[in-house]
Structures are given as C-alpha cells and as structure tokens.
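Structure first, commentary second.
The values are calculated or read from the model by the stated rules, or taken from the named source; none is laboratory data. Given the structure is predicted, the values throughout are model-derived calculations rather than measurements. Here Cβ is always computed from backbone atoms with ideal geometry, including for glycine, and neighbour counts include all displayed protein chains. Heavy atoms of the whole protein, side chains included, go into the accessibility calculation; ligands, DNA and RNA do not. Shrake-Rupley method; radii C 1.70, N 1.55, O 1.52, S 1.80 Å.
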Amino acid sequence: SEPSRTRCAAHPGGGGAGATPVLLTAPEPRGGNLLANGGFEASSGGVLGRLGERASLAGWQVLFSGARQAYVWSESDYSIHPDWGLPEIHEGKQALRTHADAEGHTMIFQDAEVLPGREYRASVWVRACDLRGKGFGVHPGDMAALRLQEIGPCGKVLVEHPPVAVAAAGPYRQIEKRLTTGDKTALVRFLLDTVIAAPYNEGH
C-alpha cells in the first residue's frame, strides 16, 4: 500500500472540547509529464526584472537574481529582433529565451507533486547562443543548468541534487537528471538556472 501523504497545516489552539482531528491526504499525482506547460507551448509574451524580483509566466515561476535587468520571453517573439538572434525552436511552436542587459542570472522553476520512494526523470533541451563571439560561454561562470530539489510536506528543502549544466555555446542538447525520492519528499522543484554575462545582443 502507498504511504500516507499529508499536507502541512498550522492552526491556533486545541480546537475546543469535542473537536475531532481530521487528516487531509493529497491527491495522487498524475502520470506522464508532471509539469504544467512543460514544453512552454502555452507561453506568450514574457517578463522582466532585476535582483530579487519574481514573476509568473504560464505555469512557471521566475526569480531574477542578477543586478542588471534580465528577461524571460517567448522564443517566437524574437522574429522582430533578428539582430538579437532569430527564433530557433527545438520542437513544437514555442520555447523560452532568457538574456539580460548584462550579468544576467535567472531561475525558472515549478514544483511537481511526487510520491516518496519513486524514481523520476527530469530533462530539458537547451540551446546556448553566442551570436558574435562574445556571448554565452565566453565568460567564466556562464551556465545553463537543470537543478532538482526535493521538498518536504511543510516546504523545507530536504535534498539539493547536484546540477547538470551546459557551459559552452552550441545547438540544442538534452540535459537530464534521474532521482529516487526520499521517504519524506512531497514535491520536486524543477529549476532552470541560467547565468550569462553577455548582453542580449551578444547571446542568450
């Protein structure tokens, strides 16, 4: 039988005389791709921000971690900016592009409900672009990484898995990570972490 999975809840007091505790169990996670808008097909437009600012984009959360303004935008929209690199989509009709005025750092993430003690596979297709020899991969620290975090019922990060990263420019390539969830894991955070020093007209 499957272990009971409870959601974390806080409440004041003891509930009074005659109160009956109630255990709430989370619904079983769906099969297949656990991410909403996992292929970014439902994305349109984009968001921008700088250090510490957050935004939502078609099922994904975006955290801007660089000091300069950065952008997370739908790849198809770049048809109007050919000098910034024309759209190139691996599959389907959409992708997401991230770049910055300079010194960009963006984290795009989503939490997926999982079962403890199960094996999961996470993957993403990444294209790191150097437009004119001064873009992605030229500066030390440039990377596009897939990070996975296991999260407990109350939101605490239980395990931070080592990232799988791309550090050089090149065509679309798939990076992936497999994990077996721990006995207290309720969620896995699927996080796309990108650092690029070059400005938007040099790489993305």
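Return a yes/no flag: does region 100-113 have any residue that is closer than 24 Å to Ser56 by Cα, in a loop (DSSP other than H, G, I, E, B), of a type in the set (Phe, Trp, Tyr) and open to solvent by 10 Å² or more (accessible area, probe 1.4 Å). No, because not a single residue in region 100-113 is closer than 24 Å to Ser56 by Cα, in a loop (DSSP other than H, G, I, E, B), of a type in the set (Phe, Trp, Tyr) and open to solvent by 10 Å² or more (accessible area, probe 1.4 Å). Of note, Lys156 satisfies the criterion of being without any contact (Cβ under 8 Å) to a residue 12 or more places away in the chain and of a type in the set (Lys, Arg).
Of the residues examined, Leu86 is one that is open to solvent by 60 Å² or more (accessible area, probe 1.4 Å), aliphatic (A, V, I, L, M) and on the phi < 0 side of the Ramachandran plot.
Only one of the numbered conditions (1) in a loop (DSSP other than H, G, I, E, B); (2) open to solvent by less than 60 Å² (accessible area, probe 1.4 Å); (3) touching a Phe, Trp or Tyr at 6+ places or on another chain (Cβ under 8 Å) is not met by Arg189, and that is (1). Restricting attention to region 127-167, the residues that are aliphatic (A, V, I, L, M), in a strand (DSSP E or B) and open to solvent by 20 Å² or more (accessible area, probe 1.4 Å) total 6. Remark: pairs (first residue in region 163-183, over 22 Å from Ala197 (Cα atoms); second residue part of a strand (DSSP E or B) and open to solvent by 60 Å² or more (accessible area, probe 1.4 Å); Cβ separation under 7 Å; 6+ apart in sequence or on different chains) = Gln174/Trp125; Glu176/Arg121; Arg178/Glu119; Arg178/Arg121; Thr180/Glu119; Gly182/Leu158. Scanning region 56-75 for residues that are in a strand (DSSP E or B) and either acidic (Asp, Glu) or open to solvent by less than 20 Å² (accessible area, probe 1.4 Å) (or both) yields a count of 7. Evaluated against (1) closer than 22 Å to Ala112 by Cβ; (2) out of contact with any Gly (no Cβ under 9 Å at 6 or more places or on another chain), His81 falls short on exactly one condition, (1).
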